[in-house]
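The values are calculated or read from the model by the stated rules, or taken from the named source; none is laboratory data. Just so we're clear, the structure is a prediction, and the values are computed from it rather than from any experiment. So basically every Cβ, Gly included, is an ideal-geometry build from the backbone, and we count neighbours across all protein chains shown.
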Amino acid sequence: MAPCCSRSRTRARRRCRRRGVAFRRSSGPWGCSGVLVGVISDTHGVLPTSIHEVFADAERIIHAGDVGSQAVLDELESIAPISAVEGNTDAGWQRTPLPGRLTVTVGGARFHVGHKLPDLIRAGIPGDADFVIYGHTHVAAARDIDGVWYVNPGSAREPRDGRPPSVALIEITGDRRSVRHVYL
């Protein structure tokens, strides 16, 4: 769904009200200064029960693959518009096939998304990318390398690093970008 649609404006108004910020159409693409993006990966067919609360203010959700079922995509879409890529375990269940990688712009920031980081690097990271989003390792990571954030939200279901399941939240406010992991 396009960012200028009435559904996104309505969400922006609600988000601004919750934050105590005035809704102003001219101050940003969704009406207030900050845009929140929820990032999730490796759900393998099951979403954490807290996902609605964690992503409640998200303007967009990005899923970095190994979705596992159409029900996961449908549930995430009920929270916010979703962009998703296919993971190595995603085969045959989708209503519409997922791309292997994609580039999406949210809040003026460019996100280059794929499941495996080595595959993204081999394919080439676009020069205008602000974020490279990937999954597959089931280990949360975030690193700013030469002005490009490389973000793995970890696994929302089966982490491999001894930590709890996790997702990431990215906030974009003008030229400022912040990344934080939320352990579920």
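The table that follows gives values for the structure above.
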read-out	value
Single match in G87, G65, G38 (criterion: in a strand (DSSP E or B), modelled with pLDDT of 95 or more and assigned by TED's automatic domain parsing to the domain that holds P126)	G38
Selected residue [over 12 Å from the mean Cα position of the chain (by Cα) and within 14 Å of G65 (Cα to Cα)] from R176, R157	R157
Among (1) out of contact with any Asp or Glu (no Cβ under 8 Å at 6 or more places or on another chain); (2) without any contact (Cβ under 8 Å) to a residue 12 or more places away in the chain; (3) more than 17 Å from H44 (Cβ to Cβ); (4) outside any loop (DSSP other than H, G, I, E, B) - the single one D74 does not satisfy	(3)
Residue count for the range 99-139, restricted to those that are aromatic (F, W, Y) and in contact (Cβ under 8 Å) with a residue 60 or more places away in the chain	2
Extreme residue, modelled with the lowest pLDDT, among residues of the range 91-107 that are more than 22 Å from G38 (Cβ to Cβ) and of a type outside the set (A, V, I, L, M, F, W, C)	G92
Exclusive hit being buried (at least 20 other Cβ atoms within 10 Å of the Cβ) and farther than 17 Å from A168 by Cα, set G45, G87, G38	G87
